[in-house]
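Quick notes on the structure that follows.
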Amino acid sequence: MNKTDYSGVKALVAVDQGDLRAGLLAAFGRAGIKDPREADDEPQLQRILAEADLDLIVMNDALGGVFVAPLISKLRRGEIGTHPFPVVVILADPSDPAARRRISDCGPDDIVDLPVSAVDLLQRIGIFVSGGRKPLVVTKAYAGPERRDKKRAAANPQ
């Protein structure tokens, strides 16, 4: 298996659990991601999304008790930030199916269950960085990776 080249990836880790954030930042550094940005609350996340041109965002669905996944929907629609389609991976509690649906509606590339291993997370991210990303779609109600299966997509073209 070829090693993924992360050297040019501009990343953000927005996680409010200090140990997890530190572990992810260390793993990203070992993988070759240089100087990833970090946020641990909603105001920091908003500021970085507005200012930075990012290629990769790994974030919790909530920071400090605030559900922040809808910021990705704003990013995808071009309401904040300069690049609407970075790879977005949202870390979430697997026990709340309704929350997972709300997260999915915001347009992330992937939703990863907590707890998460940095090695497994980097493996999943490597798929996107290496060109294995789903096609992106933009409609009035949704912007993000194509979620429809091929049969349904053919029946309802955009």
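No lab work stands behind these numbers, since they all come straight from the coordinates. Note that the structure is predicted; figures quoted are calculated from it, not measured. Backbone-built Cβ (ideal geometry, glycine too); neighbour counts: all protein chains shown.
Some points to look at:
- For Cα extents along the principal axes in Å, computed directly from the structure shown, the correct entry in (1) 45, 39, 33; (2) 92, 29, 21; (3) 78, 42, 29 is (1).
- Angle in degrees between helix 118-129 and the longest Cα principal axis of the chain, rounded to the nearest 10: 50
- Residues in region 9-18 carry Karplus couplings, in order, of 7, 9, 10, 10, 10, 10, 9, 8, 8, x Hz; the curve used is 6.51 cos²θ - 1.76 cosθ + 1.60 with θ = phi - 60°, and Gly or Pro positions show x.
- Dipole axis of the chain (+1 Lys, Arg; -1 Asp, Glu on Cβ), positive-most option in GLY81, SER104, SER117: SER104
- Cα gyration tensor shape for region 20-90, rounded if a/c is under 1.5, else prolate or oblate: oblate
- Applying 1/(1 + (r/R0)^6) with R0 = 35 Å to the Cβ-Cβ distance of VAL137 and THR82 gives a FRET efficiency near 0.95.
- Entry note, region 1-108: relative contact order of 25 percent, from Cα contacts under 8 Å with a spacing of 6+ residues.
- Footprinting exposure proxy ranking of THR139, THR82, THR4, fewest other C-beta atoms within 10 angstrom first, gives THR139, THR82, THR4.
- Taking the Cα centre of the chain as reference, the dipole from Cβ charges on Lys and Arg (+1) and Asp and Glu (-1) amounts to some 840 debye.
- Here the label points at ALA27 and ILE127, each 7 Å from Cα along the C-beta direction, are separated by 1.5 nm in the simple model.
- Axis angle, to the nearest 10 degrees, between helix 42-51 and the longest C-alpha principal axis of the chain: 80 degrees.
- Projected label points at PHE67 and ALA98, each 7 Å from Cα along the beta carbon direction, are separated by 0.9 nanometres.
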